[in-house]
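To start, the structure under review is shown below, and the notes come after it.
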Amino acid sequence: MTVKVRAPGRVNIIGEHTDYNDGFVLPFAIDRYVEVEVGPSKKFVLTSKLYNQTVEVEKNQRRGTWTDYVMGVVWALEQAGYRVEPFEMQIDSTLPTGSGLSSSAALEVASAVAIVKMMNHKIEPKDLVQVCVKAEREFVGVRCGVMDQFTAVFAKKDHAILLDTMTMDYEYVPLNLNNYEFVLIDSNVKHELASSEYNKRRTECEAILKALNKRSFREITEKDLAALGLTLRKRARHVLSENERVLKTVNALKEGRLLLAGCFLYESHASLRDLYEVSCDEVDFIVGFLKGRAGVLGARIVGGGFGGSVLALLRKGYTEFSFEELDMEYRKFFNRSIKVLRVNSSDGVLFSHLISSEFESAT
Ligand code: GLA
């Protein structure tokens with residue numbers, strides 16, 4: 001029996017670099033997917049259509065490439081007590097990699113669901129998220145938060161999810177954008193540096209807790225920050241202000257005040273650029289180009305940073321600029337092109353009809 005499963009990428013409206021600091025995030029899943037097809041085999045044989053590669057891998061073998069996401073899931077499933085027998089897997093994707101849209105979590109979640117189905121196991125959705133997070137943190141080696149894997153599992157079409165990463169409580173927030181839409185502009189700067197810099201930010205955040213003798217960022221107030229050195233103070237100020245912006249954005253969306261929500265996007269970008277220092281010139285250029293133009297309510301870098309995409313809240317069918325114009329200006333400065341991605345919200349594996357009955361019965 002072969003099993004086919006797809007899991008979506010995600011866009012985070014706001015709440016960046018807060019999910020490993022007990023903070024709030026507001027992502028939604030997009031209609032771009034990683035799809036895997038799995039069937040029993042004598043050995044682990046993985047094929048990526050994107051890389052045009054077929055690779056035979058041993059259990060627990062880290063190769064430092066895309067296969068680690070799948071074999072990391074195998075490892076994490078076994079660590080959690082789910083037996084995994086060898087399989088062949090075909091991977092296909094409509095989700096660009098390195099664009100800040102969480103293709104790694106989509107691959108992990110699609111693989112985990114497919115393997116669980118193939119093996120006839122049952123797993124709770126929350127445990128599925130934890131397995132995939134563990135795979136990425138401990139096998140791949142990126143000490144990520146829970147947002148991406150959580151979204152690929154729990155997302156619901158036409159909604160964003162307000163997730164409190166401290167308690168794991170969540171609420172679906174309807175995405176009523178009226179005449180506006182979210183558009184992604186890929187800077188085409190692949191965030192290759194991201195994992196080392198990402199882990200560095202995490203270490204800095206741990207240093208903040210230690211210096212202030214706190215167990216959680218939720219115990220820190222603006223007053224405490226004076227005790228920190230400049231770099232740590234900037235990082236902490238980003239996290240505190242970003243958490244506030246998430247909650248304010250949720251209220252603005254609920255009240256239909258999109259202009260206000262757009263302002264929070266710009267503020268978030270400035271904070272990620274100046275305080276958390278995870279942006280780059282190319283992305284700043286795109287946000288700078290958009291800012292203040294008619295039909296643009298807000299824009300900011302999305303995902304881990306150091307490249308990737310800009311999320312813009314734009315008026316449908318009318319903006320004061322054209323993407324051709326932006327592309328031309330961008331090419332003049334950086335000698336590369338932007339890519340515009342129009343996306344819709346989508347269901348995570350929990351609500352999509354592609355999940356197995358075994359998986360459904362566990363929910
Ligand atoms: C990456 C990580 C997430 C999150 C974002 C930044 O996408 O996988 O857990 O930390 O960066 O908000």
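Bin width 10 Å, origin at 0, all Cα-Cα pairs of the chain: what percent of pairs per bin?
5, 25, 33, 24, 11, 1, 0
If you take the square roots of the eigenvalues of the alpha-carbon gyration tensor of the stretch 180-342 and sort them as a ≥ b ≥ c, do you get rounded (a/c under 1.5), prolate (a/b over b/c) or oblate?
Taking the square roots of the gyration eigenvalues as a ≥ b ≥ c, the stretch 180-342 is oblate.
Using a basic spin-label model with each label point 7 Å from the Cα along Cα→Cβ, how many nm lie between A226 and K339?
4.9 nm
Let's test the formula: R0 of 30 Å, r as the Cβ-Cβ distance of A80 and E171. What FRET efficiency results, to the nearest 0.05?
Efficiency computed from Cβ-Cβ geometry: 0.65.
Which pairs break 24 Å Cα to Cα here: K4/K43; K200/K339; K210/K234; K190/K214; K49/K117; K4/K59?
Table pairs above 24 Å Cα-Cα are K200/K339; K190/K214.
In percent, what relative contact order does the chain have, based on Cα pairs under 8 Å that are 6 or more apart in sequence?
25 percent
For R257 and K190 in the same chain, what is the full-extension length gain: residue separation times 0.36 nm, less their Cα-Cα distance, in nm?
Full extension from R257 to K190 adds 20.8 nm.
Can you compute the FRET efficiency between M1 and K49 using 1/(1 + (r/R0)^6), with r the Cβ-Cβ distance and R0 = 25 Å? Round to the nearest 0.05.
0.70
For the stretch 121-211, state which GluC sites (Glu not before Pro) are in a DSSP loop and have at most 13 other beta carbons lying within 10 Å of their beta carbon.
E192
Add -39500 (n - 2.57) for each DSSP H run of 4 or more in the chain, then divide by its residues: what number comes out at 222 nm, to the nearest 500 deg cm²/dmol?
Calculated at 222 nm, the ellipticity per residue is -12000 deg cm²/dmol.
Roughly how big is the chain's charge dipole about its Cα centre, with Cβ charges of +1 (Lys, Arg) and -1 (Asp, Glu), in debye to the nearest 20?
Dipole about the Cα centre, nearest 20: 320 debye.
Read-outs: derived from the displayed coordinates by stated rules, not from any lab. Given the structure is predicted, the values throughout are model-derived calculations rather than measurements. We place every Cβ from the backbone using ideal geometry, glycine too, and count neighbours over all the protein chains shown.
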